[in-house]
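Down below is the structure, laid out as structure tokens.
The values are calculated or read from the model by the stated rules, or taken from the named source; none is laboratory data. Just so it is clear, the model here is predicted, and its values are computed rather than measured. Neighbour counts are summed over all protein chains in view; Cβ atoms, including those assigned to glycine, are modelled from backbone coordinates with ideal geometry.
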Amino acid sequence: MNYWIFGFLSIFWIASIAIGWKFKSSEQNVSDFLIGKRKLSFFIFIFAITSILITNVNFFGQSSLNLDIGFMGSCLAFTVIITSIVSIFFMKKQWVLSKRFGYITPAEMYGDYFKSKLFQYIIILISIFFIIPFVGLQLSLSGKLLSIITENLLSPVISSWVIGLIICVYVGLGGTNSVAHNNAFKFIIIIFGLIILGLISYNLSGGFMSLNQTLAKLSQLKESSEANTISLFYIPEIINSGSGYNLEDEKINWSGSLMFGFVVSTIGIFCSPAFSMWCFSSESPKPFASQQVWVATFLIGFILIFFVTFVGISAHILGSNSIVNDVGINVSKFLSENIEKNNFDLNLFANYSMTIKETSPWLFSILVISAFAVLQSTAAAFISTTAGIFSRDVYKKIFNPRASPQSEILVTRLSILLIAILSLILVTFAGKIIWVLNSFSISLAAQMLIPLIAICYVPWFTKEAVLSGLIGSFFILILTDPAGHLILGKFLPWGPWPLTIHSSVWALVVNLCLVVGVTYIKQNPIDRVHRQKYFDYIEDQAGIAHSNRHLMVTALTLGVFLVLFGFGPGASIGNSLFGIPDDPSTWSFGLPSIWVWQILFWAFFVGYTWFLAYKLELSTESDKEVVSLSDDYGQK
């Protein structure tokens, strides 16, 4: 192994464990360990939360998709933005409920609001279905990367187990405080790594003008259907009558509708029960708007739209596109022609990194560390909070109601180890199926959007209705998702993601219809009064001011427009609005029309999130103090 990378990795992992040790204390109570005693500071919260939202999809997937399908892949930049928009609507309201009633886990919040133990059990099940495949994928990619950089000194599976153990150590030592402070420093590394990678590709391709000139030549290659590279410069179709995924060759049949659905499905990261505990952990709502508008939407959106897109698109002229090489318009053969275009895998990143290993070992080390930072920050964040759900809502609520804080923390630590082991077992035996299972888990977590809407905005949604929606959406996911087709495929007349509509969208539509329908059929006046008390308090503390309520319709209408046309089916308008794809002389600003469209909508989304967070005050700190009725709901 290169001495540089060995040194950097050693420092990186020792620092992670040292931070965990710093927050280890024998005097911790449950609130300290699980949600940082609700006192995560301004910058720690901002950096930690944002590091969780930057996933493998952004760090590896977007550039890989740019290499595979062109500029359409840059729609993945909007995953962080759509998650930020959803968080604007729900983060502050969840925080108010948690602070007021002492909720530490989302199961406590949902169970108390709906007066339903069954709802608590559903939350636990969703948490389990989500965490194992999701963390498993992060550990799988980490293991693969470690194996590559050590030149197969360790196999990918063994590497995954090593990294999983390291994460368990620092998460188990200090709990949420350890993870938050670790993620805060990893956030800086991630940003640095993304920018460095973008600058490397910029330099290798000869700069912006050189890239544009080569792209102009590339857009005009039409010698054969195989060489018809114009498809790199536009969204080819809005919808397709076939299926969106082929299980046999593991190929995604991208359309505008499927890309829209995939981006929407990533809200499952925020909507997942495990993420709610991060909402509870902030000292106040003060960091929310800054994180959502300026850090996530503006800064990360900018980096993804420009730097990461540059990484993926420039790969075509740096040797990875055989067609470009054959006609001689490539700038160099810096990258291999044989990069496996496996949608969201790390192959392109690994190829970039390994080619500079000998010439710039320190730069190579920084890039690798930033990749590990992405994977570990996400995995650690969800392991820590899901372990808290296990200890609070399974061990304490079901098996030992009189459990002491020390025993709860011990069970949390054991749960951290259990989650890691189960995820690693999946890594060991699932193989490539782990990608399919991960997609299913995120789509399932996205269904929690409807219960969040019920708690924060629609008190007339009943518990029976919301439960029906969750159960119904689960079965729809089984019928439409690639994971379900692994078992039921030969019995179903349609393929995975039918009509190239993502399973999360099918499930959300059915979920909402069931909730509205069951609510209309049956209402319990006593339960409605109970829910209204919570809703009234949320409105008093975190509702839109009366002077701004007339803007809510405008906000929702504008949001639907931006989503549908920014990265949804309507984005196809951007194919030629700013220039004909195969006529570079018509390109506005010298850029392909679809890229200009994406940049324009990124700017619109920055303005939109500012409008929601600051103008409508959905994420700003209220002048009213939230008076806590209990520091720990579980002590009742």
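A few remarks follow.
- Test: GLY175 is part of a helix (DSSP H, G or I), crowded, with 24+ Cβ neighbours inside 10 Å and either small (Gly, Ala, Ser) or free of Cβ contacts under 8 Å to residues at least 12 places away in the same chain (or both): yes
- Within region 268-307, the only residue that satisfies the criterion of being touching an Asp or Glu at 6+ places or on another chain (Cβ under 9 Å) and hydroxyl-bearing (Ser, Thr, Tyr) is SER284.
- Hey, LEU629 in contact (Cβ under 8 Å) with a residue 40 or more places away in the chain, of a type in the set (A, V, I, L, M) and not in a loop (DSSP other than H, G, I, E, B) or not: no
- Only a single item in (1) within 21 Å of ILE81 (Cβ to Cβ); (2) hydrophobic (A, V, I, L, M, F, W, C); (3) surrounded by 14 or more Cβ atoms within 10 Å (Cβ to Cβ) is not met by MET552, and it is number (3).
- Complete set of residues in region 516-549 that are of a type in the set (S, T, N, Q) and either buried (at least 16 other Cβ atoms within 10 Å of the Cβ) or without any contact (Cβ under 8 Å) to a residue 40 or more places away in the chain (or both): THR519, GLN541, SER547
- Among the residues of region 575-594, those identified as β-branched (Val, Ile, Thr) and not in a loop (DSSP other than H, G, I, E, B) are THR586, ILE594.
- LEU65 passes every criterion in (1) in contact with a Cys (Cβ under 9 Å, 6 or more places away or on another chain); (2) closer than 18 Å to SER353 by Cβ apart from (2).
- PHE130 vs. criteria within 19 Å of the chain's Cα centre (by Cα), assigned to a helix (DSSP H, G or I), of a type outside the set (A, V, I, L, M) and closer than 21 Å to ILE442 by Cβ: yes
- Matching residues, region 427-436, being farther than 10 Å from SER160 by Cβ and out of contact with any Leu (no Cβ under 6 Å at 6 or more places or on another chain): PHE429, ALA430, GLY431, LYS432, ILE433, TRP435, VAL436
- Test: residue in region 398-405 that is touching a residue at least 12 places away in the same chain (Cβ under 8 Å) and small (Gly, Ala, Ser): no
Quick grid of which residues meet (1) at pLDDT 90 or above; (2) within 27 Å of the chain's Cα centre (by Cα); (3) closer than 19 Å to PHE334 by Cβ:
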residue: ILE191; (1), (2), (3): yes, yes, no
residue: TYR202; (1), (2), (3): yes, yes, yes
residue: LEU221; (1), (2), (3): no, no, no
residue: TYR245; (1), (2), (3): yes, yes, no
